[in-house]
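Enquirer: Questions regarding the structure given below will be posed in turn.
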């Protein structure tokens, strides 16, 4: 009795099993990394606070104050200085002050460490006063 081995067929079956195992391992690692990333995002809390003060030039103006895409305040400023304190809620933050009468936007980047920010308005331009 002669028993011939079909080595090409055995080689192809072995490669198929190996390829399936590699794909399975990659899928498991991707699933685990996505699950770990989702858990980290849920636990993110920031302790920093932004103190925003409109010092001069805003009295009688209707303004909107936004951080990123979140509206914090939309009102007519009656008295100066007008102060607002906001807890940091995002990795990177940008403050937008919008003059509601002219829709003029002033954009300022906020520090990751929080801090006090003082603004004044001269004509149509909103300026960030120097920090000490």
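The values are calculated or read from the model by the stated rules, or taken from the named source; none is laboratory data. Note that this is a predicted model, so its numbers are computed, not measured. FYI the Cβ positions are ideal-geometry reconstructions off the backbone, even for glycines, and counts take in every protein chain you see.
Enquirer: Residues that are within 29 Å of the chain's Cα centre (by Cα) and surrounded by fewer than 10 Cβ atoms within 10 Å (Cβ to Cβ): does the range 75-82 have at least one?
Expert: no
Enquirer: Answer yes if at least one residue in the range 97-109 is over 25 Å from the mean Cα position of the chain (by Cα) and exposed (fewer than 12 other Cβ atoms within 10 Å of the Cβ), and no otherwise.
Expert: Yes, that holds for at least one residue.
Enquirer: If we scan the range 2-25, do we find a residue that is in contact with a strand residue (DSSP E or B) (Cβ under 8 Å, 6 or more places away or on another chain), loosely packed, with under 11 Cβ neighbours inside 10 Å and modelled with pLDDT of 85 or more?
Expert: no
Enquirer: For the range 55-74, which positions are over 13 Å from residue 101 (Cα atoms) and surrounded by fewer than 17 Cβ atoms within 10 Å (Cβ to Cβ)?
Expert: Within the range 55-74, 55, 56, 59, 68, 69, 70, 71, 72, 73 meet the criteria.
Enquirer: Under the condition of being part of a loop (DSSP other than H, G, I, E, B) and touching a strand residue (DSSP E or B) at 6+ places or on another chain (Cβ under 8 Å), which residue from the range 58-73 is farthest from residue 90 (Cα to Cα)?
Expert: Here the answer is 60.
Enquirer: Determine whether the range 42-50 contains at least one residue that is surrounded by fewer than 15 Cβ atoms within 10 Å (Cβ to Cβ), assigned to a strand (DSSP E or B) and either over 16 Å from the mean Cα position of the chain (by Cα) or free of Cβ contacts under 8 Å to residues at least 40 places away in the same chain (or both).
Expert: No, that holds for no residue.
Enquirer: Go through the range 112-132 and give me each residue that's surrounded by 12 or more Cβ atoms within 10 Å (Cβ to Cβ) and without any contact (Cβ under 8 Å) to a residue 12 or more places away in the chain.
Expert: Scanning the range 112-132 gives a single hit, 127.
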